[in-house]
Amino acid sequence: MPASLRTRRPALSGDTRADVVVIGAGFTGLWTAYYLTELAPQTSVLVIEAEHVAYGASGRNGGWCTTEMPALLANLVQRYGPMDAMRFFRAGQRTLDEIERVLAAEDIDCGWRRDGSLYVARTPPQVARLRAWQDMRLKLGITDMTLLSAAETSERVGIAGALLSGFTPQCAAVQPAAIAAGLAQTVERRGVTVVEGTRAIELRPGVVVTDRGTIRARSVLCTTEAYTAGLPGHARRVLPVISRVLATEPLPEQRWREAGWRDRVTVADSRHQFAYFQRTADDRLLVGGRGSGYRTGSRPQAADRSGERVYARLRESLAESFPALADAPVSHRWSGAYGMHRDGEPGVVYDRDSGLGHAGGYGGEGIALSNLAGRTLAALVTGVKRPETRLFWTGHRSRRWEPEPLRTIGVRGVSALATAADRYEDRFRRTAPLAGAVMRTVL
């Protein structure tokens, strides 16, 4: 989180009580606290954070507020059928409207700009994947994505080498840390207590033991996403996947015109290890993706040696996609970890008997899905009947990740296969025979 958005908060000052304690002051924890104040304003809510508000992915991601989820949607159709998949997808789309409503109502300035997303195919295998995604959407009655020819794509955004693209209006470009900072201030105004520098070291029904004191609460909610592995008994529940981002210095309007980028539509290519782009509110070009990292033992901090290689690929993606901006000076580089469940599906769980709950596993789509999860979790805690609680993810428990070293071997092996498949497709412009088949199965 930029220092300009950070508000210092005190740590817990000893033993205390609350009706609900939320562990983690990222998007999920803050949205859950917000909707608890909506559904049960008399409930006392305490949010504890080991570092500071939005320390994790909520303050480090690439700023796409979307629920398109191309890989997840296909999996949901296969596992739950088209009706449940559609119900979840529609709930996700409505979530963008809900976030926009709350931001306006609470006067949270995050540079929100809903200009949609452009998914670009630059090789024949990418074209085939994009068309297959569109075919699946149309079979489900999802008609809001428009396929654009190469010429139509260049009129929308001047990305080089485009053969085909798909435009969908269901995305907003945002400054994510500003959302988290604004939410934290909002819930505090509503009576929620947020403490920082307070690390949970043990969770059990009715009790959270921290390094600053013990908290007793009727409900204990874990919303730590990629940092969940640090809690005893949770080491294999969520996999922290490390992603990297770079940003240029602010660019003058003339440079953006040369790149053919007139608004703030978000852009992604269609590789397996894809790159995504955003024009920020202060006119920087942000580039993320092109590889995912994992540290043995599910440590969410980025210290693996692949970092420089990924940053180099991001720079290459910038140059090949937007040659007019190839020489733009890079001013910032950073990394963050998002959480992924073993089956690739997010989940929201609350057990009324024990009072224990958790939510997460968004697979990098957390800006929007965390709002939906917060509404779901708050409804489950308060017992208020809402349509969110009837979605597939309510009560969904993924099986645990494999123990080490199998976890490291598997995750890094899939990542290497994805990189190999992309290189093969870029070079030969056809689907990689073995790696491609594996990636279609996994992703």
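Tabulated values for the structure
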| quantity | calculated |
| --- | --- |
| Pairs where the first residue, in the stretch 316-333, is not assigned by TED's automatic domain parsing to the domain that holds VAL245 and the second is in a loop (DSSP other than H, G, I, E, B) and among the small types (Gly, Ala, Ser), C-beta under 6 Å, 6+ apart | none |
| Single residue of THR43, THR32 found to be outside any strand (DSSP E or B) and either over 16 Å from GLY366 (Cβ atoms) or of a type in the set (Asp, Glu) (or both) | THR43 |
| Every pair of residues 6+ apart whose Cβ atoms lie under 8 Å, when the first sits in the stretch 65-80 and is assigned by TED's automatic domain parsing to the domain that holds GLY364 while the second is at pLDDT below 85 | ALA71/LEU443 |
| Contacts under 6 angstrom Cβ, first residue in the stretch 337-364 being among the acidic types (Asp, Glu), partner at pLDDT below 95, 6 or more apart | ASP343/SER398 |
| Residue satisfying condition, being among the basic types (Lys, Arg) and over 28 Å from ALA421 (Cα atoms), within set ARG190, ARG129, ARG137 | ARG190 |
| Hits in the stretch 114-163 (condition: out of contact with any Pro (no Cβ under 9 Å at 6 or more places or on another chain), buried (at least 16 other Cβ atoms within 10 Å of the Cβ) and among the polar types (S, T, N, Q)) | THR123, GLN126, GLN134, THR153 |
| Residue in the stretch 124-147 that is at pLDDT 95 or above and under 18 Å from the mean Cα position of the chain (by Cα) present | no |
| Number of the exception - ALA33 against (1) on the phi < 0 side of the Ramachandran plot; (2) crowded, with 21+ Cβ neighbours inside 10 Å; (3) touching a Ser or Thr at 6+ places or on another chain (Cβ under 8 Å) | (3) |
| Within the stretch 120-158, tally of residues that are among the hydroxyl-bearing types (Ser, Thr, Tyr), under 18 Å from TYR276 (Cβ atoms) and either assigned to a loop (DSSP other than H, G, I, E, B) or not assigned by TED's automatic domain parsing to the domain that holds HIS272 (or both) | 1 |
| The stretch 205-242: number of residues that are over 23 Å from VAL411 (Cα atoms), among the aliphatic types (A, V, I, L, M) and in contact (Cβ under 8 Å) with a residue 40 or more places away in the chain | 5 |
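The values are calculated or read from the model by the stated rules, or taken from the named source; none is laboratory data. Bear in mind that the values here come from a model prediction, so they are computed numbers and not experimental data. Ideal geometry is used to build each Cβ from the backbone, glycine not excepted, and the neighbour counts take in all protein chains shown.
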